[in-house]
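The values are calculated or read from the model by the stated rules, or taken from the named source; none is laboratory data. Bear in mind the structure is a predicted one, so any value in this text is a computation, not a measurement. Note that each Cβ is placed from the backbone with ideal geometry, even for glycine, and that neighbours are counted across all protein chains shown.
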Amino acid sequence: MRSTQVFTLLLATLFLCSCGPVRKVATNVEDGILEFQILQMNDVYEISPSASDNIGGLARVATIRKELLTNNPNTLTVLAGDFISPSVIGTLKFEGKRIRGKQMVETLNTLGLDWVVFGNHEFDYDDLADLQARLDESNFSWLAGNAKLKGITGTQPFFKNKPGGGTEICPDSKVITIKDADGTTINLGLFGVLVNNGKKPWVEYSDWAETAKKNFAALKPKCDVVLALSHLTIEEDKKLAAMLPEIPLIMGGHEHDNMRVPVGPSVITKADANAKTVYIHTIRFNKRKKTCTVKSALRKVDSSIADEPATAAVVAKWEKIKNESLSSSGFNASAVVTKLDKPLDCREAVIRNNQAPAGNMITEAMLAVSREKPECVILNSGSIRVDDILSGVLTELDIVRMLPFGGGITEVEMKGSLLRKTLETGLTNKGNGGFLQVIHARRDEATGKWFIGTNALDDNKIYQVTLPDFLLSGNESNMGFLKATIGANGKSDNPDILKIMKPDMKDKSDLRNDVRLALIKYLRGE
C-alpha cells in the first residue's frame, strides 16, 4: 500500500473515532493510584427530617450514598457513634416491647451503612439485652475500640449473634482491602475510640489514648493508610491527632455541630447531628510515592435531595408506629400546644452551657405542678434532647421530641449543704447533660454566693426542692451524691435528703408522673 493510501486510511479512522463517545479503555495496567470515598455521619437520633426546618432524613442520605457508589464503587459509609438512643421512637412501645433503637438499626441496614463506632449513647439502657438485640439485628460492622463487655469472670469483646449460628466479634480495628478497576490495591486500616462516660456495670473502658496507640501500631505495618473513627470530644480528638500525626483523617462525633479542624498534617471532621449535614471524603493514595491526600466536602441534607425509596418505606413504617404509640400513651402528635412568639433554641450547645429560655419554661412547668411549695426547681440539661431550634406552632410531638425520656417529677426536703453542692456541681458540669437549668436559685458572680429566692443559701436550713426522678438515681455526671431511694420504713436512705415525695403512678390526673404532660398543660395555660 502506497504512503498516500495509508495516510488517507489513518485520517478516516481518526474521523470515525471522533464521531462517537470517548470511552476510557481499560489497560489492565496498575497505575499505583487509588481513590476511594467515605460518607460520614455522626450523632443521628432521628430517621426523618426535622419538623421545624425539613433538614436531615436518612432516606435522603441513602440517595447521596447511591450517587457516590455510582461514581466510585469504592465508597464506605460510616457513623461516628450515637444512634441507638435517644429518640422519640426509641422510648415508645411496639409489640409489647420498648423500641430502643430498633428503628435506627432497620433504617441504617436498608440505607447500607458499613461501619460504626460505639458512642456513649449506645450504653443508655440499663438492660444489656436491649443493646445485644440491636447488635444482633445490624447488618453493619461495629468498632468497639476501648469499650469491652464486662462479665462475671472477666471482660471480652462485644459481639453479634449471627442468624445462622455463631458470633461475630466487634473488633477494636479492621483492615479493609480496596481494589480499583486497573487492579491497584491498598489496605485501609480503621480503628475506633470513644469517650468513657456511658457508665454501665456491664461495660469496662480502657484508656482511649492507649487504645488508639496500640491499634495504630498494630495496623501500620499491614496498611497503606490508617484512619480513625472516633466518638470523643473535640479536645480529645485534637490530642489524638497530635499524638498520631500519621493519621490523615479523624472522623468524629459527639459535639453535634459540624466542624473541620486541621491539626498538623491531620484533619478532624464532624458533621451536624441528625444527618442535617454529612461529610463526603475523597481520599487519594499514591502507592509509589507513598502520599495520601484528603478532600472533604460538607453537604447539607435538605429537600433538594430525593428520598431513596427502600429507605423511605422503612422510615414511613416507623413513623406510623410512632404516631400510633404516642396516641395510645395519651399524646396527639399533631395537636397544637402553643404558638411561640419567638424561636426556642434547644440546641445542646445552648442548653448545656447557659441558663436557657427552654430551661426556664420546663422548670416553671415543674413548679406549677408541685404540691409542696418548692423554694427552687432544678433540671438536668441532658433531659432536653431535641437539639434543634423550634419555632412557630409547637405540637405535642415537639414536646415529646424535646423531652423524649419523659420521667416523673419528685419533691424533696434537702439540706442546704447538699443543695449548695448540687448547684456548684451543676456549674462544673457546663458543657454536658449535668449542667443544671434552675428557677429561684442564682449565683452572685461577684461574690460567688448562692441565693435561693431573695435570701442567701443557708447550709443548715432544710429546703423544699423539685427535681426530676432521674437526678435521684445518682447517674447524672458527677452527681452520684444525689442518689436516694425510699426504704422499707418509708424514709429516704440519703442522710442529706430528709423526705422524698413522689406522685402516685396510678393517679393519671397527677401531672408529676410525666414532665411532658406537665409542660403541655402549663403552655396551654390550663
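A few remarks follow.
- Selected residue (only one of K449, K502 is within 30 Å of H121 (Cα to Cα) and not polar (S, T, N, Q)): K502
- Out of G490, G453, sole residue that is at positive phi, surrounded by fewer than 16 Cβ atoms within 10 Å (Cβ to Cβ) and touching a strand residue (DSSP E or B) at 6+ places or on another chain (Cβ under 9 Å): G453
- Scanning region 501-526 for residues that are in contact with an Asp or Glu (Cβ under 8 Å, 6 or more places away or on another chain), within 13 Å of E411 (Cβ to Cβ) and hydrophobic (A, V, I, L, M, F, W, C) yields a total of 1.
- Yes/no for S473 being outside the structural domain of L92 (by TED's automatic domain parsing), over 22 Å from K373 (Cβ atoms) and surrounded by fewer than 17 Cβ atoms within 10 Å (Cβ to Cβ): yes
- In region 87-119, the residues that are closer than 16 Å to F405 by Cβ and in a strand (DSSP E or B): K93, R98
- Within region 129-145, residues that are in contact (Cβ under 8 Å) with a residue 12 or more places away in the chain sit with their Cβ atoms under 6 Å from residues that are in a helix (DSSP H, G or I) and surrounded by fewer than 17 Cβ atoms within 10 Å (Cβ to Cβ), at 6+ positions apart or across chains, in these pairs: N139/N109.
- Residues (closer than 25 Å to V193 by Cβ and either buried (at least 20 other Cβ atoms within 10 Å of the Cβ) or modelled with pLDDT under 95 (or both)) located in region 86-111: P86, S87, G90, R100, G101, M104, V105, L108, L111
- Filtered residue count, region 472-504, keeping only those that are without any contact (Cβ under 8 Å) to a residue 60 or more places away in the chain and among the charged types (D, E, K, R): 4
- Given (1) closer than 25 Å to V88 by Cα; (2) modelled with pLDDT of 95 or more, index of the condition S417 fails: (1)
- Against the test of being charged (D, E, K, R), assigned to a strand (DSSP E or B), in contact (Cβ under 8 Å) with a residue 24 or more places away in the chain and closer than 30 Å to I33 by Cβ, the options K160, K174 yield a single qualifying residue, K174.
- Residue check, F435 at pLDDT 95 or above, crowded, with 19+ Cβ neighbours inside 10 Å and among the hydrophobic types (A, V, I, L, M, F, W, C): yes
- Residue within region 63-79 that is farther than 21 Å from V116 by Cβ, of a type in the set (D, E, K, R) and at pLDDT below 95 present: no
- Lone qualifier among G474, G525, G480 - being more than 24 Å from G434 (Cβ to Cβ) and of a type in the set (G, A, S): G525
- When region 32-86 is filtered for residues that are part of a helix (DSSP H, G or I) and acidic (D, E), only E67 remains.
- R288 meets all of the listed conditions (1) touching a strand residue (DSSP E or B) at 6+ places or on another chain (Cβ under 6 Å); (2) among the charged types (D, E, K, R); (3) in the same structural domain as K102 (by TED's automatic domain parsing) but one, namely (1).
- Matching residues in region 185-199 - criterion: being part of a loop (DSSP other than H, G, I, E, B) and surrounded by fewer than 19 Cβ atoms within 10 Å (Cβ to Cβ): N196, N197, K199
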